[in-house]
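Report on the following structure.
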Amino acid sequence: MSGTAGPPDEAAAEVEVLVVGAGPVGCWLAAELCAAGVRAVVLEAREERATWSRGFVVHPRTLEIFASRGVAEALTAAGRKVPTWHFAMGSSRLDFTALPTTFPFIVLHPQARTEALLEDRLNRCGGRVLRGHRVVGLEQFDDRVEVRVAAGGAEQTFAARFVVGCDGARSTVREAAGIGFPGNPDTMVSPAAHVVLADPPPPERYVQTTERGLFFAIPLPDGRFVVSTVDHEVMGDVGTPWTAETLRASLLRVAGSDFGLGEVERISTIGNSAKQAERYRDGRVLLAGDAAHVHFPMGGQGMNLGIQDAHNLAWRLAETVRAARKTAGGPVVYDLLDGYEQERRPAGERVLEDVRAQMALVAATGADGAALRTRFEALLGEHPQVNLQYARRLSGIDVRYPTAPDTGDERLGRRVPDLHVEAGGGPSGLYDLLREAGSGTFTQVVVGEAVPAQADPGVPVVAVKRVAGPRWALAEGWGAAGSLLVRPDGHVAAVRDR
């Protein structure tokens, strides 16, 4: 919507991008923008950082993204590395050790702690989170967006060139922009509770599937567990609240034990609704993370999908803001921002499809459902290539963006792995070299003894004498002589032979 209101106040005019929502997605986006020299502020309705986690899984592609900015080490040191992961909670697990990445595992790490790490990075980049600031509406104009915010018992207005809604499934930004959110509503629900277990199952039994449903437990650093069930008997009771006693009854039905269930700190419900925004951009308003797509947290992909959205959007938004500065309020060229939806919508659709498939497997009841799960588990257990295919999809490393022209080179559109390289200063990791060159810029990676004339004026060159590994990277052609034009998000925009 548009209007003719007067200019925003002086303080609000200092902001170029307003990010709404200080979860992991919003913090990562804002930090990337601030690191690129864009004045970004995060508005967050909560007064304090989250202390309770619903998400725990950090997938390999997200770890690669964090490593490319130098923040993976703290997370991997604090979390628990797990070399296999489940599909539909089955016992035939996906083997992540076969993945072509330097992070062939997931990391179990409470989302609240991940959020704190990413907010700390935002602070180091010069950004900030304004807590207790709840967005209540917005209006678009030719040169800005004005956002109405309730804070401290009063309402104030912020203005920015762009606004990004990272404010979750019930996004105020999405609703205020008039963007539809089609999909299926909840038809089944599950509990998620932080609990004390006096007699917890052994680690190999943290996931259990029976004819009556499934149970899983995730150990927390403080000794408690997050437990959940998909209970075939009550999963369709969408409006019924869960209590400590109904949780105990569900554990007994599904797993045959309540595992010494003690204190239950909090129980929330998670549903199987699967929705995706009609569009990821409306004028100067954009969406990322759960504001753009939502699904049951089967496989732990939600936060990862959102962070990958933010990583794709950040460099596009930074380039657009820099171009807008030069036009002094002139028309904005939206081509780069349109590319965000063109690339990330299919990625979101694929995750929603995978989650729906997993939910169909776990929710199938009776002997027929048990037979279906048995057959699928045999497929994953007996066919390594099928197992690897699902592992690549779930981990996020298999995303390939379309490029023009597409020369048929398999590296085009894919993310560059953290290659072991020999450069002028000796052995190094490619991510370190890219970060030194400027992680918010396009970079030309030249492999070979002689560095050719720079093909792209103004693009930094990273000269690599040779790629020494890993072995799988050489097998995939990443060591070939020539040059790669690498986007700020780490994906290959062009390949040039020597």
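A few points about this structure:
- Some residue of the stretch 272-284 being within 30 Å of Gly37 (Cα to Cα) and assigned to a strand (DSSP E or B): yes
This table checks each residue for (1) surrounded by 15 or more Cβ atoms within 10 Å (Cβ to Cβ); (2) closer than 30 Å to Val15 by Cα; (3) not assigned by TED's automatic domain parsing to the domain that holds Pro200.
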{"residue": "Leu252", "(1), (2), (3)": "no, no, no"}
{"residue": "Gly256", "(1), (2), (3)": "no, no, no"}
{"residue": "Arg284", "(1), (2), (3)": "yes, yes, yes"}
{"residue": "His293", "(1), (2), (3)": "yes, yes, yes"}
{"residue": "Asn312", "(1), (2), (3)": "yes, yes, yes"}
{"residue": "Ala328", "(1), (2), (3)": "no, yes, yes"}
{"residue": "Tyr340", "(1), (2), (3)": "yes, yes, yes"}
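- Filtered residues of the stretch 415-428 (kept if buried (at least 19 other Cβ atoms within 10 Å of the Cβ), in a strand (DSSP E or B) and in contact with a His (Cβ under 8 Å, 6 or more places away or on another chain)): Arg415
- The criterion of at least 2 residues that are within 15 Å of Pro60 (Cα to Cα) and not aromatic (Phe, Trp, Tyr) is met by the following strands (runs of 3 or more DSSP E) wholly inside the stretch 79-164: 80-82, 106-108.
- Of the residues examined, Leu75 is not one that is of a type in the set (A, V, I, L, M, F, W, C), modelled with pLDDT of 95 or more and over 20 Å from Phe225 (Cα atoms).
- When Ala50 is tested against (1) buried (at least 23 other Cβ atoms within 10 Å of the Cβ); (2) at pLDDT below 95, just one condition goes unmet, and that condition is (1).
- Residues within the stretch 191-218 that are touching a residue at least 40 places away in the same chain (Cβ under 8 Å) and not in a loop (DSSP other than H, G, I, E, B), tallied: 17
- Summed over the stretch 19-41, the residues that are out of contact with any Cys (no Cβ under 7 Å at 6 or more places or on another chain) and buried (at least 24 other Cβ atoms within 10 Å of the Cβ) give a count of 8.
- Looking across the stretch 150-167, the residues that are surrounded by 23 or more Cβ atoms within 10 Å (Cβ to Cβ) and within 20 Å of Ala50 (Cβ to Cβ) come down to Val164, Gly165, Cys166, Asp167.
- Condition check for Phe66 on (1) outside the structural domain of Pro331 (by TED's automatic domain parsing); (2) hydrophobic (A, V, I, L, M, F, W, C); (3) in a loop (DSSP other than H, G, I, E, B): one failure, at (3).
- Restricted to the stretch 378-414, and to residues there that are in a loop (DSSP other than H, G, I, E, B) and without any contact (Cβ under 8 Å) to a residue 40 or more places away in the chain, the residue that is surrounded by the fewest Cβ atoms within 10 Å (Cβ to Cβ) is Ala404.
Residue-wise test of (1) closer than 28 Å to Glu73 by Cβ; (2) touching an Asp or Glu at 6+ places or on another chain (Cβ under 9 Å); (3) assigned by TED's automatic domain parsing to the domain that holds Glu14; (4) modelled with pLDDT of 95 or more.
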{"position": "Asp120", "(1), (2), (3), (4)": "yes, no, yes, yes"}
{"position": "Arg128", "(1), (2), (3), (4)": "yes, no, yes, no"}
{"position": "Arg134", "(1), (2), (3), (4)": "no, yes, yes, yes"}
{"position": "Asp142", "(1), (2), (3), (4)": "no, no, yes, no"}
{"position": "Val147", "(1), (2), (3), (4)": "no, yes, yes, yes"}
{"position": "Ala154", "(1), (2), (3), (4)": "no, no, yes, yes"}
{"position": "Phe158", "(1), (2), (3), (4)": "no, yes, yes, yes"}
{"position": "Gly168", "(1), (2), (3), (4)": "no, yes, yes, yes"}
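- Enumeration of residues in the stretch 67-97 that are in contact with a Pro (Cβ under 7 Å, 6 or more places away or on another chain) and exposed (fewer than 15 other Cβ atoms within 10 Å of the Cβ): Pro83, Thr97
- Test: residue in the stretch 110-118 that is crowded, with 17+ Cβ neighbours inside 10 Å and in contact with a Gly (Cβ under 7 Å, 6 or more places away or on another chain): yes
The values are calculated or read from the model by the stated rules, or taken from the named source; none is laboratory data. Computed from a predicted model, the values in this text were never measured in an experiment. Cβ coordinates were reconstructed from backbone atoms using ideal geometry, including for glycine residues, and neighbour counts include every protein chain displayed.
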